[in-house]
Structures are given as C-alpha cells and as structure tokens.
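Have a look at the structure below, then the notes.
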Amino acid sequence: MTLKSPGRRAVLLNDTSFAAHHGSRHVVETIRSCLADRGIEIIASAASGKAWDEMSTIRQAIEVADVIVINGEGTLHHGAEAGELLLDAVNHPLCEGKPLVLINTLWQDNPGSWTELLKYMDFIVVRDGRSRNALTSAGISVMLCPDLSFYRRFRNHGEPLPERTAFGDSVYRDVSKQLMSAYRAFQGPKIYLPIRSSRRHQERSPALSMRGRIDNLKHRARAAARRLVDSEYRQLPDVDAYVSELGACSFHVTGRYHAACLSIVARVPFVAVASNSWKIESLIEDIGLDRRRIMSSTAAAVEQGTLPYSREESDNIKAWLDLSRERTGSLFDTIAQLAVSRGS
C-alpha cells in the first residue's frame, strides 16, 4: 500500500537531472513521481556540485520543507568534495529538526569522518551490495534498494534486430574515444548510442529560460548534423526514445553504469568497460550476471564479442526488477512517514 502525506514539501539536494544524461534524468524523474504519488512536492532542488547552502531559493525552501532528500547518485565515493558538501547538511542550522534522508547512493572509499556524519541521517538507502557491506561493517544501518532506474516499466521496446550492436560512451573521455573507434571499426549492423541527451536542458516549462531553449536548439542541431554525417548515430532526446532504440538491438557495448542498467531493463545483453567506481562490478554481482560482462578495457570488451543472457541470468534479472519495484515502494513509503512525523 502506498502511504500518503498530502500537502508535504521536500527539498532535493544533488539533483542530477541538470546533466544532459538519460540515466540521471530518469532517476530524478522517478524520485519526483514517487514522492508526488505520496502527496509530497519537491519545492526546490539544488543541482549536483552546487553550493546549495549559498543558494537563497534552497535556503528559503528548506525553512518550510517537511523532509530533505539527498540523492547520493554518482557523488559519494573516493572522498569527493561534492560529497562532503551534501553530507554537511546534517550540521546546517536550517536542517535542524527536519528529517534527512540519503537515497540511491554508492559508498566507496570515503573518509571515516563522513561515516560519522551518516549517524545523523534519519534514513539511508544504498543501491548496491558492496556499499551496504562497507557501511554495515562501520555500524551504519542502511536499506539496500536497487538503483531507481530499474523502477519504471517501459512499454515501447523496439523489436530486437538480428545482430545489431549498440556502442555507447563512458564517463572517461579517453574510453569514449576508444568506444567510438571500436564502433567505426566494427563490421556488421551497428548504431552509436550515447547516453547523453540531445537536449542540453530539460524542457520543463516554465522553468526553462529563453536562453535555455536556444541552447537546446543548438544542441539538437549538432546532434542532427552528426546524424547527417553518420546515419547510424543516435543521440536521442529522452529516456523513452533511448530504451526503445536500445531494445531494438541484440547487444550493447558501453562504459556507462546507467547504460548497463537500461540494458537490463530492456533485456538487452551487454558488456561494459569499468567506470570510475565499483558501481558496474557490484551491479553484476548483485544481480548474479556473468562476470565477463565487465571488462577493464575497451579492447577486452570488444574482443569478448556477443554474450547472450543465459537462462539463469534472465531469471536473475526478473527477480532483480521485482525486488527493485518492491523496495522502491518501501523506500518512498518510509520518506512519506518521516514527512508526516515532522509535521505532526
């Protein structure tokens, strides 16, 4: 049962939807929709990497908020400065007495002082088993819920095309270049499918300025120009188009965590080049996928060749998606309870 807390207000810190990235935008839209389903409106959000405590709109929103939600996606690993900025919310006077929740987070190789800050959080949700083990061994109570990109059901998958391979990009520029080179050299049906959107800014009216709309037009024009040069280049506007195009492929070679997640959602076999944390490795371990799906280099990933899902992998994926949807519901029900308790 979905718990309701009508009329409650939330502030979101580390809003990654400002990045032109299908995975991050999809995650934040899931946060927004799941809170809205429970009567909670996000009244303000701070983009990732921004000094939220210096933004007047965020400070004013926190004063009237019933809950503060921190999206840990892509931030809390290797002691990054942006991560400390988020965790310092527990010490900020404006946040005193308000429920603080950390969700959808990775936790890897962070300083012990950060772990101490977590003790002041009201609710912590990690997205992978390695992060759970790291925190529980440090005495921190957490919930494990798969990445929020797994929650939604997509209805418009394309029909898989025989032997069509999708090549993606990476968080590392040099790996992205290697993947592009592999795509160009590949002999056979193929598309180039980066996870970056053809829309530089989200078009959520009326928030988008005229300057932003012009910027979007330029960004889309560049994507269209690339398509004219290469008819198999696919830089798409939103996650629905991305999943539909991906779903019409038989295999996917990528260097992006969320590209791997969306391959799993679309039931498209993939192999991934390792990223900037253990996120892809832990994802493969948690679901129970073939360890050959993660490679240390682009050359190794391409050399691996197609790797169809085994029956065991397919069964494990179904169980993982079922778990994701169940745990995500529980996650947001807990946030709704915290928002109500604050106002009672």
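The values are calculated or read from the model by the stated rules, or taken from the named source; none is laboratory data. Treat the numbers as computed from the prediction; the structure is a model and nothing was measured. Note that each Cβ is placed from the backbone with ideal geometry, even for glycine, and that neighbours are counted across all protein chains shown. SASA here: full protein model, heavy atoms, side chains in, ligands and nucleic acids out. Shrake-Rupley method; radii C 1.70, N 1.55, O 1.52, S 1.80 Å.
Condition first: on the phi > 0 side of the Ramachandran plot, in contact (Cβ under 8 Å) with a residue 40 or more places away in the chain and either open to solvent by 20 Å² or more (accessible area, probe 1.4 Å) or aliphatic (A, V, I, L, M) (or both). Can you find one or more residues in the stretch 123-140 that meet it?
No, the stretch 123-140 contains no residue that is on the phi > 0 side of the Ramachandran plot, in contact (Cβ under 8 Å) with a residue 40 or more places away in the chain and either open to solvent by 20 Å² or more (accessible area, probe 1.4 Å) or aliphatic (A, V, I, L, M) (or both).
Take the conditions open to solvent by 20 Å² or more (accessible area, probe 1.4 Å), out of contact with any strand residue (DSSP E or B) (no Cβ under 9 Å at 6 or more places or on another chain) and closer than 17 Å to Ala336 by Cα and apply them to Gly112. Does it pass?
Values: open to solvent by 20 Å² or more (accessible area, probe 1.4 Å): yes; out of contact with any strand residue (DSSP E or B) (no Cβ under 9 Å at 6 or more places or on another chain): yes; closer than 17 Å to Ala336 by Cα: no.
When the stated conditions are applied, Gly112 does not pass them.
In the stretch 232-344, which helices (runs of 4 or more DSSP H) lie fully inside it and hold 3 or more residues that are at pLDDT 95 or above and basic (Lys, Arg)?
Numbers: elements: 239-247, 257-265, 279-287, 298-304, 311-343.
Filter on the stretch 232-344 gives 311-343.
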Check your understanding: Does Ala51 satisfy the criteria of being more than 21 Å from Ser113 (Cα to Cα) and at pLDDT below 95?
Key -> no
Practice item. Please state which of the following conditions Arg226 fails to meet, knowing it meets all the rest: (1) closer than 28 Å to Thr75 by Cα; (2) modelled with pLDDT of 65 or more; (3) assigned to a helix (DSSP H, G or I); (4) of a type outside the set (Ser, Thr, Tyr). Key: (1)
Practice item. Go through the stretch 226-265 and count every residue that is open to solvent by less than 10 Å² (accessible area, probe 1.4 Å) and among the hydroxyl-bearing types (Ser, Thr, Tyr). Key: 3
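Matching residues to (1) on the phi < 0 side of the Ramachandran plot; (2) surrounded by 14 or more Cβ atoms within 10 Å (Cβ to Cβ); (3) among the acidic types (Asp, Glu):
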site: Ala44; (1), (2), (3): yes, yes, no
site: Trp52; (1), (2), (3): yes, yes, no
site: Gly79; (1), (2), (3): no, no, no
site: Glu84; (1), (2), (3): yes, yes, yes
site: Asn91; (1), (2), (3): yes, no, no
Review point. So which residues in the stretch 144-201 are touching a Gly at 6+ places or on another chain (Cβ under 7 Å), at pLDDT 90 or above and among the charged types (D, E, K, R), if there are any at all?
Key: Asp169
Practice item. Out of the residues in the stretch 54-75 that are surrounded by 15 or more Cβ atoms within 10 Å (Cβ to Cβ) and β-branched (Val, Ile, Thr), state the one that is nearest to the chain's Cα centre (by Cα). Key: Thr75
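Out of all the residues in the stretch 58-78, which are at pLDDT 95 or above, closer than 26 Å to Gly23 by Cα and either out of contact with any Gly (no Cβ under 9 Å at 6 or more places or on another chain) or of a type in the set (Asp, Glu) (or both)? Talk me through it step by step, then tell me what you get.
Here is the first cut: in the stretch 58-78, the ones at pLDDT 95 or above are 58-72, 76-78.
Imposing the further condition that a residue be closer than 26 Å to Gly23 by Cα reduces the set to 58, 67-72, 76-78.
Ile58, Val67, Ile68, Val69, Ile70, Asn71, His78, listed by residue number.
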